Amino acid sequence: MILDKYSFGIGDRFGQQGESQLAAIMKAKRMGVEIAPVWNKSHREHSIIGTMPADVRAEAQEAVGSMMWEGTYFVDADHINLKNVDLFIESSDFFTIDVAEFINQRASPDEISNFIDGCVKYIDGLTVPGIEESLVVTENVVRAIAVKYLSAVKQAGRIYRHIASKKGLGKFITEMSMDEADTPQTPVEMFFILAAAAQEEIPVQTIAPKFTGRFNKGVDYEGDTERFAREFERDILVIQYAVQEFGLPKNLKLSVHSGSDKFAIYGAINGAIKKLGAGIHIKTAGTTWLEELAGLAMAGGEYLAIAKRIYAGAYSRMEELMRPYSTVIDIDPSKLPEPMVVAEWSGKKFDETLRHETASGRYNPHFRQLVHIGYKVAAEMGKEFTDAVANCERIIGPNVTENIFERHIKPILID
Ligand SMILES: [Zn+2]
């Protein structure tokens with residue numbers, strides 16, 4: 001099973017927007033850009049919402065069937081580990097193996113020295129085609145990388161072999177993710193992480209490193225965009241070289257777990273992949289759910305009231321909701337409007353405060369992040385919430401499509 005050059009991870013918390021999401025991918029296709037849709041949902045999301053991996057497969061199949069999509073599509077077991085992977089075996093054919101937890105868990109001295117022996121060729125000068133200066137690599141550098149990352153890659157190997165034993169070789173796509181780590185990985189680290197993946201014989205088709213800067217949920221990139229651009233290009237060059245050197249899958253590409261809306265770096269991503277002829281996998285996470293909430297607000301009346309109740313619930317349970325997302329949000333509670341104030345808002349005001357349009361002057365990123373992680377409150381409303389969304393589908397659906405196409409696909413792959 002081969003992942004296409006371009007693929008888009010479309011998370012959908014409540015599983016009702018599959019068709020509207022696919023419509024965005026079909027729009028790109030009509031413009032000559034082929035993208036494989038990948039419906040992704042993590043164990044964390046499933047447990048917060050109370051859905052099962054089979055629900056994601058059902059959503060994907062339904063969307064693909066009703067929209068008559070003839071291209072490939074995948075269902076991603078997002079951020080799985082050895083403890084929960086079994087829940088996903090049957091319904092998924094794309095596995096994002098998350099080993100961030102195993103970073104810094106020192107492999108044995110033997111494993112570390114074996115790894116260094118296998119990398120002797122690159123010590124005292126790693127020259128990567130496309131990168132002008134040679135990268136500084138000494139035995140100590142390789143040792144430090146092994147100490148930090150080897151046990152994580154070995155764990156990825158165990159999880160990969162476990163999945164392969166159940167699904168069969170070549171029957172699924174493997175992604176290795178370290179994006180929820182504490183520190184970013186440099187291009188040199190990436191090279192040796194891929195060396196370790198090759199030693200473990202993991203046929204990794206996408207790799208999600210932690211990039212420099214902050215990738216908070218649903219809000220823009222924060223960090224040094226020039227540094228990001230430089231490292232991103234180097235990451236691609238390192239991958240292209242590693243593919244040749246280690247015999248990794250030829251379509252191996254970067255996966256950007258964007259947390260959505262990283263508008264500030266989309267241009268750099270677009271420029272680098274086109275310049276180097278590289279593929280890309282983008283996970284847009286949960287802004288589809290934000291479109292649902294914005295749509296309810298705009299619908300007004302009882303639907304606006306539901307949106308306000310969700311905000312009030314999220315506000316009062318802020319700490320609990322923030323806990324599972326602590327590494328990927330920055331909410332300043334003093335910048336959040338009180339629910340009593342929000343209760344007086346019009347639908348337009350709610351929408352403008354939530355909507356990521358910095359030019360409007362009314363957008364509040366703290367409000368947006370809190371709502372982003374507040375889907376648990378909506379999930380607890382059960383049918384009341386999902387029925388409301390279904391009733392407002394005429395407003396929500398086109399917004400979901402437009403959000404994915406205009407604000408993400410276009411700047412990253414088309415412009
Ligand atoms: Zn991620």
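The values are calculated or read from the model by the stated rules, or taken from the named source; none is laboratory data. A quick note: this is a predicted structure, and the numbers were derived from the prediction, not measured. Here the Cβ is made from the backbone with ideal geometry for all residues, glycine too, and neighbour counts use every protein chain on show. We work out accessible area using only protein heavy atoms, side chains counted, and drop any ligands, DNA or RNA first. Shrake-Rupley method; radii C 1.70, N 1.55, O 1.52, S 1.80 Å.
Screening Val328 against (1) of a type outside the set (Phe, Trp, Tyr); (2) open to solvent by less than 60 Å² (accessible area, probe 1.4 Å); (3) under 18 Å from the mean Cα position of the chain (by Cα); (4) farther than 27 Å from Ile35 by Cβ leaves a single unmet condition, (4).
You will find that of Ala299, Ala294, the residue that is out of contact with any Pro (no Cβ under 8 Å at 6 or more places or on another chain), in contact (Cβ under 8 Å) with a residue 24 or more places away in the chain and surrounded by fewer than 21 Cβ atoms within 10 Å (Cβ to Cβ) is Ala299 and no other.
For region 226-267, name all the residues that are open to solvent by 20 Å² or more (accessible area, probe 1.4 Å) and under 28 Å from Arg323 (Cα atoms). If the condition is that a residue be open to solvent by 20 Å² or more (accessible area, probe 1.4 Å) and under 28 Å from Arg323 (Cα atoms), then His257, Phe263, Ala264 are the ones that fit. So is Pro365 open to solvent by less than 60 Å² (accessible area, probe 1.4 Å) and either in contact with a helix residue (DSSP H, G or I) (Cβ under 7 Å, 6 or more places away or on another chain) or charged (D, E, K, R) (or both) or not? Against the criterion (open to solvent by less than 60 Å² (accessible area, probe 1.4 Å) and either in contact with a helix residue (DSSP H, G or I) (Cβ under 7 Å, 6 or more places away or on another chain) or charged (D, E, K, R) (or both)), Pro365 does not qualify.
Cβ separations smaller than 7 Å between residues 6+ apart or across chains give the following pairs from region 88-109 residues that are under 11 Å from Val153 (Cβ atoms) to residues that are away from the ligand (no atom under 16 Å from the Cβ) and basic (Lys, Arg): Ile103/Lys148; Ala107/Lys154.
Check whether at least one residue in region 214-222 is modelled with pLDDT of 95 or more, open to solvent by 30 Å² or more (accessible area, probe 1.4 Å) and either within 16 Å of the ligand (Cβ to nearest atom) or in a helix (DSSP H, G or I) (or both), and report yes or no. The answer is no, given that none of the residues of region 214-222 is modelled with pLDDT of 95 or more, open to solvent by 30 Å² or more (accessible area, probe 1.4 Å) and either within 16 Å of the ligand (Cβ to nearest atom) or in a helix (DSSP H, G or I) (or both). I need every pair where a residue in region 244-271 that is free of Cβ contacts under 8 Å to residues at least 60 places away in the same chain and within 15 Å of the ligand (Cβ to nearest atom) has its Cβ under 7 Å from the Cβ of a residue that is charged (D, E, K, R) and part of a loop (DSSP other than H, G, I, E, B), sequence separation at least 6 or different chains. Pairs found: Lys262/Asp220.
For beta carbons closer than 7 Å, sequence separation of 6+ or different chains, a first residue in region 372-386 that is without any contact (Cβ under 8 Å) to a residue 40 or more places away in the chain and a second that is among the basic types (Lys, Arg) and surrounded by 15 or more Cβ atoms within 10 Å (Cβ to Cβ), there are no qualifying pairs. Pairing residues of region 314-343 that are polar (S, T, N, Q) with residues that are open to solvent by less than 80 Å² (accessible area, probe 1.4 Å) and not in a helix (DSSP H, G or I), at Cβ distances under 6 Å and at least 6 apart in sequence or on separate chains, gives Thr327/Glu180.
Would you say Lys148 is of a type in the set (Lys, Arg) and over 10 Å from Ala196 (Cβ atoms)? Taking the combined requirement at face value, the residue satisfies it. Here is a check on your reading of the model: is Gly125 more than 16 Å from the ligand (Cβ to nearest atom), surrounded by fewer than 13 Cβ atoms within 10 Å (Cβ to Cβ) and at pLDDT below 95? Answer is yes for this residue. Within region 40-55, one or more residues are under 20 Å from Glu292 (Cα atoms) and hydrophobic (A, V, I, L, M, F, W, C). When Lys383 is tested against (1) among the basic types (Lys, Arg); (2) open to solvent by 30 Å² or more (accessible area, probe 1.4 Å); (3) closer than 20 Å to Gly218 by Cβ, just one condition goes unmet, and that condition is (3). Going through (1) of a type outside the set (Asp, Glu); (2) closer than 30 Å to Ile89 by Cβ; (3) open to solvent by less than 10 Å² (accessible area, probe 1.4 Å) one by one, Ala146 falls short only on (2).
All conditions but one from (1) within 16 Å of the ligand (Cβ to nearest atom); (2) over 27 Å from Pro365 (Cβ atoms) apply to Ile236; the one that does not is (1). The numbered conditions (1) within 27 Å of Gln369 (Cβ to Cβ); (2) charged (D, E, K, R); (3) touching a residue at least 40 places away in the same chain (Cβ under 8 Å) are all true for Arg227 except (3).
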